[in-house]
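The values are calculated or read from the model by the stated rules, or taken from the named source; none is laboratory data. As the structure is a computational prediction, the values presented were derived from the model and not from experiment. Cβ: placed from backbone, ideal geometry, glycine included. Neighbour counts: every protein chain shown. The accessibility values were calculated without ligands, DNA or RNA, using every heavy atom of the protein model including side chains. Shrake-Rupley method; radii C 1.70, N 1.55, O 1.52, S 1.80 Å.
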2 protein chains.
Amino acid sequence: MTDTIAAVGERGLIDRLRARTGWPPDFVQLGIGDDAAVIEPVRGERVVLTTDSLVEGVHFRRDWSTLSSIGHKAFEVNASDLASMGATPRACLLSLALPESLALKDFDALIDGFIARAHAAGAPLVGGNLTRSPGPIVIDATLVGSVHARRVLTRGGGRAGDELYVTGAVGAAATGLALLDAGANRDSLDAGARECIDRYERPAARLQCGVTVGRRQAANAAMDLSDGLADAVRQIAAASETGAIVHADRIPVHPGAAAFAAQHRRDAIELALSGGEDYELLFAVSRRQKRNFFGALRQCGSPAVTCIGTLEKSPGIWLKDRDERGALTSGYRHFLAT
Amino acid sequence: MTDTIAAVGERGLIDRLRARTGWPPDFVQLGIGDDAAVIEPVRGERVVLTTDSLVEGVHFRRDWSTLSSIGHKAFEVNASDLASMGATPRACLLSLALPESLALKDFDALIDGFIARAHAAGAPLVGGNLTRSPGPIVIDATLVGSVHARRVLTRGGGRAGDELYVTGAVGAAATGLALLDAGANRDSLDAGARECIDRYERPAARLQCGVTVGRRQAANAAMDLSDGLADAVRQIAAASETGAIVHADRIPVHPGAAAFAAQHRRDAIELALSGGEDYELLFAVSRRQKRNFFGALRQCGSPAVTCIGTLEKSPGIWLKDRDERGALTSGYRHFLAT
């Protein structure tokens, strides 16, 4: 018989969790086990806070993904929010609502997937909460980061004339989700398609990139692509009180997404603009910052970046496709769409 | 037709939430609306973090309690964890997984109930997350507090000989839950019973009390009674590496709980020891600290406190009932009990 978490009980699970977490660094003055965690702030730095949830049946399915990759993703979606602020992760909390029938090995896999990423990011797990769920697994992670006050990257700092740069390639995660949704057999997929599924299941937040660009003040604004590229352009433009223009032919569509779009007669640009969960970063960079921006990128491993357009003085968010100019898609709506 | 949250959409709900939150104080440098929140730490203070969830069907039922009181409780259960650390609330995050059919007025009531308590505690809502739930409502709140490094109250500071003091009266919340579970008609209940239901639904964290005792270093250890008095005694003794003895005749059983126990032929002491969710505080106070401890209590409105026992050099957690000494009940197990 497989052990379930119910057989171990809450205290047993907490002990298990603590054992898997390892010893916290010195700035964690009180970690798992008391009523709350205590961490030491960095002198002169600001505290940055973000929280994001993954809900079974909404953000993941247990018959599609391993619990380890679900734990991985629960950390990275939060890390991406810190990356887009230029903040360094310092600690995290993990709140889990779990069905009692959950196998203990699945609990362990979830924790291990989460903690491996937390360790890699230098953000020890310092607390959280375990409770029973009468329905889906609900994973709620909170990340605490720090950033120097004048190094914070927000959505609202962009100015007309700034160039918009996006890291990596887009549309991969949405393609991965579509492939899983269509019941694709992973073993029969080509490398591009498999990479799309991997990007959907195990995103990697651009932490180094966000922190380095922020620290060097090499961009005016930044946002992560959790809800897609079109949404990020809209958000930065709205918060910066500018318009924006995006050039369709410059969008770095992921090869796996392009192949999927061609195969299913879908518009690859539309998929790349509206597909969520890529967790790439979008930066607004002024002419004056450009050299510094590319210097920052070299400093963090030279990730690919593409200039996809500019922030504009005149209002309106436009997509320029060859010589035609149309309204940019309103983008991905991941919740409560009517 | 009643408006549902699905008809408003995520952005609409966030705007609504922001409008209800009001303007944040100056130390919140970036609140709701960006990828993460930014707050300014207090110089020389430590950051204290806690998170706790309320899950529909586990921690509350919508046919028992109003959404306003559920929001109230979601804040207070977290505030209680800060109180027991001696930490002052500074900011909070609210992560909600909601069924799409939720009425908009229920969404508003939930938010208002939460925010009213957040305001009262001086902890502005600075961020969070909204997502769809295919099952129960899941409310996950995270509180961030601050405390001077040497003023932190933990579970582990107790010493043999310390007296154990509990605030207020115990057993009320468990009685309130039992009454609701039995389908009690509130209108036909006496004042004591109604107060028990109120304590279950709308607990009030002992924030002033915890912060003042901590600031004055007037106790060696503290813990809140989220999982009951017996559990709190056990936890403090375990973390402090002491034994403990509790005197049954000194336990401040709430009158409503005593009446309920008498009526249902249950042991009132057992109910008061094992009943969870009272959110009172338990302090371990040395002989030397006693005068300072009572001074601290006077400073925060003189809440009732009762000495229920002592931490002991010899191991074992005992309940002394008249002249008999037996093992203290192992207490409330709120999750995954086998």
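Shielding of B:124-133 by partners, i.e. mean partner chain Cβ atoms within 10 Å per residue?
6
Output, in nm with one decimal and in ascending order, the distances from the A:R43 label point to the matching label points of the other copies (7 Å from Cα along Cα-to-Cβ).
1.1
Suppose only helical runs count, i.e. DSSP H with n ≥ 4. What mean residue ellipticity at 222 nm does that imply for chain A under -39500 (n - 2.57) per run, divided by all residues and rounded to the nearest 500 deg cm²/dmol?
My calculation for chain A gives -11000 deg cm²/dmol from helical runs alone.
State the dimensionless ratio Rg/Rh of chain A (Rg: radius of gyration of Cα atoms; Rh: Kirkwood radius).
On the Cα set of chain A, Rg over Rh gives 0.99.
Measuring from a point 7 Å out along Cα→Cβ, what nm distances, shortest first, does B:K105 have to its partners in the other copies?
In ascending order, 5.1 nm.
Using Cα atoms only, what is the angle between the long axis of helix B:191-201 and the major principal axis of chain B, expressed in degrees (0 to 90) to the nearest 10?
The angle comes out at about 60 degrees.
Rg to Rh ratio, the stretch B:168-307, alpha-carbon atoms and Kirkwood radius?
Radius of gyration over Kirkwood radius for the stretch B:168-307 works out to 1.00.
When we measure straight from the Cα of B:K320, which lysines land under 28 angstrom away, once same-chain ones fewer than 8 places off are left out?
Qualifying lysines at Cα under 28 Å: B:K290.
Positive end of the charge dipole of the protein assembly as shown (Lys, Arg +1 and Asp, Glu -1 on Cβ, about the Cα centre): tell me which of B:V138, B:F60, B:Q29 has its Cα farthest that way.
B:Q29
Which whole-number percent is the relative contact order of the stretch B:139-203 (Cα, under 8 Å, 6+ apart)?
Once normalised by length, the contact order is 33 percent.
Which one, A:A219, A:V126, B:F260, projects farthest toward the positive side of the charge dipole computed for the protein assembly as shown from Cβ point charges (K/R +1, D/E -1)?
Value computed over the given set: A:A219.
Nothing charged except the Cβ atoms of Lys and Arg (+1) and of Asp and Glu (-1): what's the magnitude of the dipole of the stretch B:155-203 about its Cα centre? Round to the nearest 20 debye.
200 debye
Considering only B:A83, B:A259, B:A296, give the residue with the highest GNM mean-square fluctuation for chain B, with springs between Cα atoms whenever their separation is below 10 Å.
B:A259
Cα axis of helix A:229-240 to longest principal axis of chain A: angle in degrees, 0 to 90, nearest 10?
Taking the Cα atoms of chain A, the angle to A:229-240 is about 80 degrees.
Rounded if a/c is under 1.5, else prolate if a/b is larger than b/c, else oblate: which is the stretch B:62-204, with a ≥ b ≥ c the root eigenvalues of its Cα gyration tensor?
Oblate shape, in that a/c is at least 1.5 and b/c is the bigger or equal ratio.
Gaussian network model of chain B, Cα springs within a sub-10 Å range: biggest mean-square fluctuation belongs to which of B:A120, B:A272, B:A91?
Evaluated over chain B, the most mobile residue of the options is B:A120.
For the protein assembly as shown, what proportion of DSSP beta bridges, expressed in % and rounded to the nearest 5, is antiparallel?
75 percent
In chain B, what percent of the accessible surface is made up of carbon and sulfur (1.4 Å probe, ligands and nucleic acids excluded)?
With neighbouring chains kept in place, the figure for chain B is 46 percent.
Where along chain A is the Cβ that lies nearest the axis linking it to chain B, and how many Å separate them?
Output: A:G135, 1.
Between A and B, buried accessible area summed over both sides at probe 1.4 Å, in Å² to the nearest 100?
About 5500 Å² of accessible surface is lost on pairing.
Would you mind calculating the relative contact order of the stretch A:87-129 from Cα pairs under 8 angstrom and at least 6 residues apart, reporting the percent as a whole number?
69 percent
When chain A is treated as a GNM, springs tying every alpha-carbon pair under 10 Å, which of A:R132, A:R322, A:R18 comes out with the largest mean-square fluctuation?
Taking springs between Cα atoms under 10 Å, the residue moving most is A:R322.
How large, in Å, is the protein assembly as shown by the Kirkwood hydrodynamic radius built from its alpha-carbon pairs?
Value: 26.1 Å, from the Cα pair sum.
Within chain B, what percent of beta bridges assigned by DSSP are antiparallel, to the nearest 5?
So the antiparallel bridges in chain B amount to around 75 percent.
Give the Rg/Rh ratio for the stretch B:1-136, taking Rg as the radius of gyration of the Cα atoms and Rh as the Kirkwood radius, to two decimals.
Dividing the radius of gyration by the Kirkwood radius yields 0.97.
Once the label point is set 7 Å along the Cα-to-beta-carbon vector, what list of distances in nm do you get between A:Q263 and its counterparts in the other copies?
6.6
May I ask for the net charge around A:F293, where only other residues with Cβ less than 11 Å from the Cβ of A:F293 are counted and Lys, Arg are +1 while Asp, Glu are -1?
Net charge around A:F293: +4.
For B:D15 and B:A120 in one chain, what is 0.36 nm times their gap in residues minus the Cα-Cα distance, to one decimal in nm?
Additional length available on full extension: 35.6 nm.
One-quarter of the Cα convex hull surface for the stretch A:57-100, in nm²?
Here the figure is 4.1 nm², rounded to one decimal.
I'd like to compare A:110-116, B:199-205, A:284-290: which one has the highest average count of other Cβ atoms within 10 Å, and what's the full order after that?
B:199-205, A:110-116, A:284-290
Hey, can you find the accessible area per residue of chain B for me, probe 1.4 Å, expressed in square angstrom?
40 Å²
When Cβ neighbours within 10 Å are restricted to other protein chains, what is their mean count per residue of peptide B:140-153?
Mean number of neighbouring Cβ atoms from other chains: 4.
Under the classification rounded if a/c is under 1.5, otherwise prolate if a/b is larger than b/c and oblate if not, where does the stretch B:144-202 fall, given a ≥ b ≥ c as square roots of the Cα gyration tensor eigenvalues?
prolate
If you count, for every residue in B:159-171, the Cβ atoms of partner chains within 10 Å of its Cβ, what is the mean?
The mean count of partner-chain Cβ atoms within 10 Å per residue comes to 0.
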